[in-house]
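To start, the structure itself, in structure tokens.
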Amino acid sequence: MGLDWTTFLLEIVNFLALLWILKRFLYQPVLATLAERRAGIARTLGEASDKEARATTLQSQFESRLADWEQEKAAARSAFDAEMAAERVRQLDLLSHDLAAERDRGAAVEAHARETLRRELAAQADKEARQFASALLTRLACPELEARLVDVFIEELAGLPDARLATLKAAHNGHGPAVVTSAYPLSDAQRERIASTIGARLELPGRVEFGLDASLLAGLRVSLGAWQLDCSLAGELGVFAEAPSFAN
Amino acid sequence: MEAAHIVFQLGFLQITSTVVTTWGILLLLGVGAWLATRNLSVASPGLVQTALEGAVQSIEAAIEGVLPGRSGLLLPFVGTLWIFVAVANLTGLVPELHSPTGDLSTTAALAFLVFLSVHWFGIRSSSLKTYLHHYLTPSPVLLPFHLLGELSRTLALAVRLFGNIMSLEMAALLVLLVAGLLVPVPILMLHIIEALVQAYIFGTLALIYIAGGMQSQEASHASDTTSSNAPDKKGSST
């Protein structure tokens, strides 16, 4: 339990020897390894930091580019919207114009069809009216009507203007006798009146011949060569039938 | 508890069992360190390398906690103290062997080395004059007390470790003699804990003493600088 100086000194030497051994074979290698690893970690961290900085730069560039793209996209979209609006307005105008033209054309076609129908209806009514008048007058034909027509002929011939009379005279120019055709037999008095009137007005030197033609229905027709003076019901109905339609 | 016996005589030197055991520890630690650090890998450390790195980093962190930035200087000495004292304390668990730290000569040698190292590192951190000057602060009257403190704490360092380890071995021996074979097992487990705790205490106290020596002369230098600047401050204030 006492202090042995030899042991004391040898233990000092032993400890110093152990200090050198551990420093040489333990601390230095381990510390060197740790330092190398720390340096590697620091290097890796530095590289990571550089990469992070580069990534941050790239990210900022990308975000800036993305913002530019967004602006360009917004501008392009607004231009496209404006162009689409203008095109829509143009197409609407074109469609309105086409619709107006189509409406006008339809109105014209409809008006034409309506006018055609109106004309057809008017022509049909005119035709039916003439047929009705012809049927009615045909049924009314009788000697009394013929006598009245004789009177009308005499009055008309008596009141015929001189210019017309001159034309008739020039056209006859002595070509045979005047032929008076009637639907019913004429009385002597009627024949006398007719002959005297024709002779007086047309200054015909020859005699007047009389004939019958039931197709005249009523009244008489005077043939003067190539000319005829018609005062018959059939002649009037023919004129009436050939007269221009009221529909026109 | 018998005293360390003389194993052989080397000239006038009587080699005791304590010295032989210490040589065995040296051999064990040296060969172990050489084998463990032969193929250190930076990229893929093995289990032993990881344990070694953990131990060294723990020692380094403990030193950094007391003296920031000085771990490179103090790591070999303090680390060797911790490792040697821990292994030497645990050697008592091996049958037929006694802990070298159960011998007052060993603990006194270690305490003497700590005593020298306190002054060595204190002088290295500044200069001899500055270091010696801190014994005169705050008053030269306190110089005997400083010297008495140096001696007493060195003595306490040696006796504390010696007393604890010797008493542990003696208690285990007494319990083994009295109670039988298996009863000393808890005592042996207590021996392991006590051995590690005593190693930690010895190394930590050494570290604190060294740190005190290095920081006391820095504090002394700082107080001198402050006192030398005081008249200027007073003058400027007037």
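Values quoted throughout were computed directly from the atomic coordinates according to the rules given, and no laboratory measurement underlies them. Just so we're clear, the structure is a prediction, and the values are computed from it rather than from any experiment. With ideal geometry, Cβ positions are generated from the backbone for all residues, glycine too; neighbour counts draw on all protein chains shown.
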Exercise. Counting each DSSP H run of 4 or more residues in chain A as -39500 (n - 2.57), what helix-only mean residue ellipticity at 222 nm follows after dividing by all residues, to the nearest 500 deg cm²/dmol?
Worked result: -26500 deg cm²/dmol
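Going from the alpha-carbon gyration tensor of region B:1-137, what semi-axes, largest first and in whole Å, does one get by taking the root of 5 times each eigenvalue? Show your work: numbers first, answer last.
On the way: eigenvalues 175, 141, 31 Å².
Values for region B:1-137, descending: 30, 27, 12 Å.
May I ask you to give the average projected area over all directions of the convex hull of the Cα atoms of the protein assembly as shown, in nm² rounded to one decimal? Could you put the intermediate results ahead of the total?
On the way: hull surface 302.8 nm².
Average projection, Cα convex hull of the protein assembly as shown: 75.7 nm².
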Problem set entry | Lys/Arg +1, Asp/Glu -1 at C-beta; chain A dipole; positive extreme among A:Thr57, A:Ala113, A:Trp69 | A:Thr57
Problem set entry | Size of chain A as Cα extents on the principal axes (Å, biggest first) | 208, 38, 23
Seminar exercise, completed: Here the Cα Rg-to-2.2 N^0.38 Å ratio for region A:142-242 is 1.01
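Which order results if B:Phe8, B:Phe115, A:Phe8 are arranged by neighbouring Cβ count within 10 Å, fewest first?
Working: B:Phe8 10, B:Phe115 21, A:Phe8 17.
Ascending Cβ contact count within 10 Å gives the list B:Phe8, A:Phe8, B:Phe115.
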Problem set entry | Assigned charges on the beta-carbon of Lys, Arg, Asp, Glu; the protein assembly as shown dipole about Cα centre (debye) | 1920 debye
Exercise. Residues of region B:21-58 with amide nitrogen under 14 Å from the 7 Å Cα-to-Cβ point of A:Ala39?
Worked result: B:42-43
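Antiparallel DSSP bridges in the protein assembly as shown: what percent, to the nearest 5? The partial results should precede the final answer.
Working: 14 of 19 bridges.
Roughly 75 percent of the DSSP beta bridges within the protein assembly as shown come out antiparallel.
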Exercise. Which of the listed residues, A:Ala86, A:Cys142, B:Leu151, is farthest toward the dipole's positive end in the protein assembly as shown, when Lys, Arg count +1 and Asp, Glu count -1 at the beta-carbon?
Worked result: B:Leu151
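Rounded to the nearest 500, what is the 222 nm mean residue ellipticity of chain B from helices alone, with -39500 (n - 2.57) per DSSP H run of 4+ residues and division by all residues?
Numbers: 7 runs with 179 residues, N = 238.
Only helices count here, giving -26500 deg cm²/dmol.
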Problem set entry | Hydrodynamic radius of chain B per Kirkwood, over alpha carbon pairs, in Å | 20.6 Å
Problem set entry | Fewest-first ranking of B:Glu169, B:Glu150, A:Glu70, using other Cβ atoms within 10 Å as the exposure measure | A:Glu70, B:Glu150, B:Glu169
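Can you tell me how region A:1-140 classifies by the Cα gyration tensor, rounded, prolate or oblate, using a/c under 1.5 as the rounded cut? Write out the running numbers ahead of the final one.
On the way: a/c = 16.11, a/b = 7.38, b/c = 2.18.
Prolate, because a/c is 1.5 or more and a/b exceeds b/c.
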For this session: Choose one of B:Ala88, B:Gly212, B:Ile201: the residue whose Cα lies farthest towards the positive end of the charge dipole of region B:69-223 (beta-carbon charges +1 Lys, Arg; -1 Asp, Glu; about the Cα centre).
Result: B:Gly212
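A:Glu52 to B:Lys129: FRET efficiency via 1/(1 + (r/R0)^6), r the Cβ-Cβ distance, R0 51 Å, to the nearest 0.05? If you can, show how the numbers build up before the last one.
Details: r = 52 Å, r/R0 = 1.02.
Working from the Cβ atoms, E equals 0.45.
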